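**Student:** Just dropping this structure here.
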Amino acid sequence: MIVTTAGKPSQRALATARRLAGELSAPYVPRGKQTLRQMAERMEEIRLIVVTEKEVRYYDGQTESPLYFHPSMAFVRVKRLRRGESDPLLDLTGCKPGDRIIDCTAGLAADSLVFSYAAGESGAVTAIESEPILCAVVREGLAGYQSGLPDVDAAMRRINMINVNHAEYLAGLPDNSVDIVYFDPMFRQPIHESSALEPLRKLANGSALTEKAVQEAIRVARKTVVMKEHRESGEFERLGFERRHVNTSKIAYGVIEVAGSSK
């Protein structure tokens, strides 16, 4: 993989590209007047990270569209919250202002954004992503994306996104140290109509959630542990979650309410 910029980059874009190259142990290659195709052919490397003035894009040489951060449906959900409407995930988790949340499988950080907006300035969201490239692309997006709504942008900036294995991270936390632990692993039964997720699938960690990780989550959570999966998935039963369907969607949530919690 190589890291480069768009043509005629600013000093800020150059600095970001060099920083990401160091972080990802990839060479930084000046763009010059080359097209991305020319650069990939010359370097014999189809994987490119391109820093533009607005975002960081990842090209894998196979998927037509690059991967980059965009709040997508999370933006729609947050705008509903701004109008005083509810959100099924927040209702199930019992998320309130001031809550501390760990999103163990952040991906594109859509649910992290919803949690961050709901938890507010007094709350905290830690978004964990085990895959370094995906983490870097989304983290940079959260830090710089402009939605046009200052309170939504502030919710993005408050998310602390880190590149680590969630099981190891949970194991290092004290008992009852957060309010909510959330899992959204890659579905065992993918919903292939979700074409927007195609660039993500090639980067994301496809490993199944482990019983040990769930037990660690129960240990550190004060209120709820929640998992999102395909509604027909057997993961809910395997891992001890109470399956709760949401409307007629193909998605369902599994909930474990921690003993003694009142949400």
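The values are calculated or read from the model by the stated rules, or taken from the named source; none is laboratory data. These numbers were taken from a predicted model, which means no experiment stands behind them. Heads up, the Cβs are rebuilt from the backbone with ideal geometry, glycines too, and the neighbour counts pull from every protein chain shown.
**Student:** Does segment 72-80 contain at least one residue that is of a type outside the set (Val, Ile, Thr), assigned by TED's automatic domain parsing to the domain that holds ILE251, under 25 Å from ILE256 (Cβ atoms) and outside any helix (DSSP H, G or I)?
**Tutor:** No; the residues of segment 72-80 include none that is of a type outside the set (Val, Ile, Thr), assigned by TED's automatic domain parsing to the domain that holds ILE251, under 25 Å from ILE256 (Cβ atoms) and outside any helix (DSSP H, G or I).
**Student:** Right, next: Please pick out the residue among VAL214, VAL164, VAL181 that is assigned to a helix (DSSP H, G or I) and at pLDDT 95 or above.
**Tutor:** Numbers: VAL164 fails: assigned to a helix (DSSP H, G or I); VAL181 fails: assigned to a helix (DSSP H, G or I).
Being assigned to a helix (DSSP H, G or I) and at pLDDT 95 or above holds for just one of VAL214, VAL164, VAL181, which is VAL214.
**Student:** Identify, please: which residue in segment 53-71 is assigned to a loop (DSSP other than H, G, I, E, B) and touching a Leu at 6+ places or on another chain (Cβ under 7 Å) and is, among those, farthest from LEU149 (Cα to Cα)?
**Tutor:** Ranking the candidates gives PHE69 first.
Yes/no per residue for (1) touching a strand residue (DSSP E or B) at 6+ places or on another chain (Cβ under 9 Å); (2) outside the structural domain of ALA252 (by TED's automatic domain parsing); (3) under 23 Å from GLY206 (Cα atoms); (4) at pLDDT 95 or above:
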position	(1), (2), (3), (4)
PRO88	yes, no, no, no
PRO97	no, no, no, yes
GLU131	no, no, yes, no
GLU140	yes, no, yes, yes
GLN146	no, no, no, yes
PRO150	no, no, no, yes
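**Student:** Report whether or not ARG37 is over 20 Å from the mean Cα position of the chain (by Cα), assigned to a helix (DSSP H, G or I), exposed (fewer than 15 other Cβ atoms within 10 Å of the Cβ) and not small (Gly, Ala, Ser).
**Tutor:** The answer is yes for ARG37.
**Student:** Yes or no: GLY172 free of Cβ contacts under 8 Å to residues at least 24 places away in the same chain and assigned by TED's automatic domain parsing to the domain that holds VAL225?
**Tutor:** When the stated conditions are applied, GLY172 passes them.
**Student:** May I pose another question? Checking VAL50 against (1) part of a loop (DSSP other than H, G, I, E, B); (2) touching a Lys or Arg at 6+ places or on another chain (Cβ under 7 Å): exactly one of these is not met. Which one?
**Tutor:** All conditions pass for VAL50, except number (1).
**Student:** Return the total of residues in segment 108-117 being assigned to a helix (DSSP H, G or I) and in contact with a strand residue (DSSP E or B) (Cβ under 9 Å, 6 or more places away or on another chain).
**Tutor:** Of segment 108-117, the ones assigned to a helix (DSSP H, G or I) are 110-117.
Keeping just the survivors that are in contact with a strand residue (DSSP E or B) (Cβ under 9 Å, 6 or more places away or on another chain) gives 111-113, 115-116.
Going through segment 108-117 one residue at a time, the tally reaches 5.
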